[in-house]
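The values are calculated or read from the model by the stated rules, or taken from the named source; none is laboratory data. In this text, all values refer to a predicted model and were calculated from it rather than measured experimentally. Glycine also receives a Cβ, built like all others from the backbone with ideal geometry; neighbour counts cover every protein chain displayed.
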Amino acid sequence: MHKIYLAGLLVPLFLGGSSFPVNAKTATPKSFADWCLSKESLPPETKHTVDVLLKEAGTSDCNQANQKLSTLQELDLDNKEIRELKPLSSLTNLTILYVNNNQISDLKPLSTLANLTILSLWNNRISDIKPLSSLTNLRELSLDTNQISDIQPLSSLTNLRELSLWNNQISDIQPLSSLTKLGLLVLSNSQISDIKPLSSLTNLRELYLNTNQISDIQPLSFLTNLDTLDLVNTQISDIQPLSSLTNLRELYLDTNQISDIQPLSSLTNLLSLVLSNNQISNIQPLSSLTNLDKLDLMNNQISDIKPLSSLTNLTFLYLDTNQISDIKPLSSLTNLLSLFLSNNPRLTNKTCPVKPASICEF
């Protein structure tokens, strides 16, 4: 996902009128050269952006800078203390733009950058994303850690493949239902309870929903192409809808209210499964998950671990804070690199069941 991960995606912009206001006395400069030549009369935040762009161009000559900047296809302005984007509005050849970790609130100047395919704006001060609605060539958009609640403007960005909205104030995700080309979607740490709009996103391969207020995950049953699913800290108890997601390779379900894990028995392609901080006692359904490489069952109510004896591909196993008394069933797990068994008060025989003994942590 380029440099944006789990944080980097794109957003189209709104072409509503001219990019800059024109009053009766003075027309606002259009080209970067115009902005640059009038730099000394500009507000401080605009002047700062001009200076940043001059540095990017490697010259103090306004016309030379304009010539170089106007041909750029990729521009990285991360961590530049930028508050104003107006001087970028003429850089219409840009296809990739990173403006992460700045102080931006007004996105209107981006509405002219119709060739953008990748746009990353995480950790700014953005609440209004209407200007992005016209950027219909966007394939990746990242808006993590802003102040966004209304995502209706994203509904027109139907070419998006990756969208990251982590750590915002979103509750209504209906506008996302039209984004059927999405392969990656990050909605973590928001205020989402209803995920029905996601049922149409059948091309999703990675979905991150952790730290929301979801209880009904039935809409996920349609997302059979999922490879990675994160439902950490979402208040779920019924995981039956997950039984159809047989392509899953990574599943994160920690810090929920799960007791019945029978629906997981069909997920035989799983490589990594995290179930810590739940209410699980019966782990028999895990015995069929023989491809597992990492399994985390920390802080549950498990006493019988015999079902784990078939999981011979495990390299990392977390069993801390349970009710385990007998660890002999783990002796078949000869590929283990780390075995965590601390805080099992019923475990008196602390002989490591696999070699070398240093693998075990009691």
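Below are the figures for this structure:
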| item | result |
| --- | --- |
| Count of region 105-128 residues which are under 18 Å from the mean Cα position of the chain (by Cα) and of a type in the set (A, V, I, L, M, F, W, C) | 5 |
| Pair list, Cβ < 6 Å and 6+ apart or interchain, from region 227-247 residues that are free of Cβ contacts under 8 Å to residues at least 12 places away in the same chain and over 18 Å from ASP194 (Cβ atoms) to residues that are surrounded by fewer than 22 Cβ atoms within 10 Å (Cβ to Cβ) and of a type in the set (D, E, K, R) | none |
| Members of region 232-247 that are hydrophobic (A, V, I, L, M, F, W, C), part of a loop (DSSP other than H, G, I, E, B) and closer than 22 Å to ASN189 by Cα | VAL232, ILE236, ILE239 |
| Residues being touching a residue at least 24 places away in the same chain (Cβ under 8 Å) and hydroxyl-bearing (Ser, Thr, Tyr) - total across region 248-269 | 2 |
| Of all residues making up region 199-226, the number that are touching a residue at least 24 places away in the same chain (Cβ under 8 Å) and of a type in the set (Ser, Thr, Tyr) | 3 |
| Residue in region 253-268 that is out of contact with any Lys or Arg (no Cβ under 9 Å at 6 or more places or on another chain), closer than 16 Å to ILE239 by Cα, among the charged types (D, E, K, R) and modelled with pLDDT of 95 or more present | yes |
| Residue check, SER358 more than 23 Å from LEU229 (Cα to Cα), surrounded by fewer than 21 Cβ atoms within 10 Å (Cβ to Cβ) and in contact (Cβ under 8 Å) with a residue 12 or more places away in the chain | no |
| Among residues of region 250-271, those that are among the aromatic types (Phe, Trp, Tyr) and surrounded by fewer than 17 Cβ atoms within 10 Å (Cβ to Cβ), counted | 0 |
| Output for region 315-352, where each listed residue is closer than 15 Å to LEU295 by Cα, in contact with an Asp or Glu (Cβ under 9 Å, 6 or more places away or on another chain) and loosely packed, with under 14 Cβ neighbours inside 10 Å | ASN335 |
| Elements of type strands (runs of 3 or more DSSP E) in region 270-346, at least 2 residues being within 28 Å of the chain's Cα centre (by Cα) and either within 23 Å of ILE239 (Cα to Cα) or touching a residue at least 40 places away in the same chain (Cβ under 8 Å) (or both) | 272-274, 294-296, 316-318 |
| Residue among SER164, SER177 that is in contact with a Phe, Trp or Tyr (Cβ under 8 Å, 6 or more places away or on another chain), modelled with pLDDT of 95 or more and either of a type outside the set (Ser, Thr, Tyr) or at negative phi (or both) | SER164 |
| So LEU141, is it within 30 Å of GLN257 (Cα to Cα), within 18 Å of the chain's Cα centre (by Cα) and outside any loop (DSSP other than H, G, I, E, B) | no |
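Listed here are the residues, each with its yes/no results for (1) touching a strand residue (DSSP E or B) at 6+ places or on another chain (Cβ under 9 Å); (2) surrounded by fewer than 19 Cβ atoms within 10 Å (Cβ to Cβ).
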{"position": "ASN146", "(1), (2)": "no, no"}
{"position": "GLN152", "(1), (2)": "no, yes"}
{"position": "SER171", "(1), (2)": "no, yes"}
{"position": "LEU184", "(1), (2)": "yes, no"}
